[in-house]
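The values are calculated or read from the model by the stated rules, or taken from the named source; none is laboratory data. In this text the structure is predicted, and so the values were computed from the model without any measurement. Virtual Cβ from ideal backbone geometry, glycine too; neighbours counted across all protein chains shown. Heads up: the accessible areas ignore ligands, DNA and RNA and are worked out on the full protein's heavy atoms, side chains in. Shrake-Rupley method; radii C 1.70, N 1.55, O 1.52, S 1.80 Å.
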Amino acid sequence: MSLNAAVDIHTLIAAGRVIEAGTLLTMHGEELPPDMRQELEQERQRLWQRANELVTEAEALEQAGWTEEAWTTYHKAAKIATDLPGLQETLKRMDEAMALTKAVQHRSKRIRQNAARVAGKSQQSRQRMPLLLAAVVLLGIGAGLWLV
């Protein structure tokens, strides 16, 4: 059983499931040789610590308003330790925030494009106004001369 447990624990660690690996290590750790148990525990602890460091960094980035960088950092942490408490909920929240940010940026771009289009049309109207006014005046003079 000890070899199977070691393989299972190593597989869980490689898959980023450090909490499950820790649970298996606690349950079957006594069956493993001490050096193998220590090696697995050190690897699990190293990944756990690195993932927590990345989450802390991502939280700081998020607080500073760097949403895309925070999103990337949270995903790096998830690749290392997918079963960190609360990480999946944070990833879902960040994905929604990124989608909302992109939607707002797209809407803002459309508004600017529409404003530029409307401004171009009103400028064309202002350019045509003197010509139209001159034509009306000339027609009025012509009609007045014709009547006289």
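Looking at L25, L61, just one residue is of a type in the set (A, V, I, L, M) and closer than 26 Å to Q105 by Cα, and that residue is L61.
Considering (1) without any contact (Cβ under 8 Å) to a residue 40 or more places away in the chain; (2) surrounded by fewer than 19 Cβ atoms within 10 Å (Cβ to Cβ); (3) among the small types (G, A, S), the lone condition that A15 does not fulfil carries the number (1). Of the residues Q113, Q105, Q38, the single one that is within 19 Å of A14 (Cα to Cα), open to solvent by 70 Å² or more (accessible area, probe 1.4 Å), out of contact with any strand residue (DSSP E or B) (no Cβ under 6 Å at 6 or more places or on another chain) and in a helix (DSSP H, G or I) is Q38. Scanning region 72-86 for residues that are touching a helix residue (DSSP H, G or I) at 6+ places or on another chain (Cβ under 6 Å) and free of Cβ contacts under 8 Å to residues at least 60 places away in the same chain yields T73, Y74, K76, A77.
Pairs only if they're at least six apart or on different chains, beta carbon under 7 angstrom, first in region 58-71 and more than 17 Å from G86 (Cα to Cα), second of a type outside the set (A, V, I, L, M) and assigned to a helix (DSSP H, G or I); list them, first residue then second. Correct list of pairs: L61/E69; L61/T73; T67/T101. Checked against the criteria, R44 does not count as among the basic types (K, R) and within 28 Å of M98 (Cα to Cα).
Return the total of residues in region 50-81 being hydroxyl-bearing (S, T, Y) and in contact with an Asp or Glu (Cβ under 7 Å, 6 or more places away or on another chain). Break it down into steps so the answer makes sense when it comes.
Going through region 50-81, the residues hydroxyl-bearing (S, T, Y) turn out to be 56, 67, 72-74.
Now restrict to residues that are in contact with an Asp or Glu (Cβ under 7 Å, 6 or more places away or on another chain): 73.
Looking only at that region, the number is 1.
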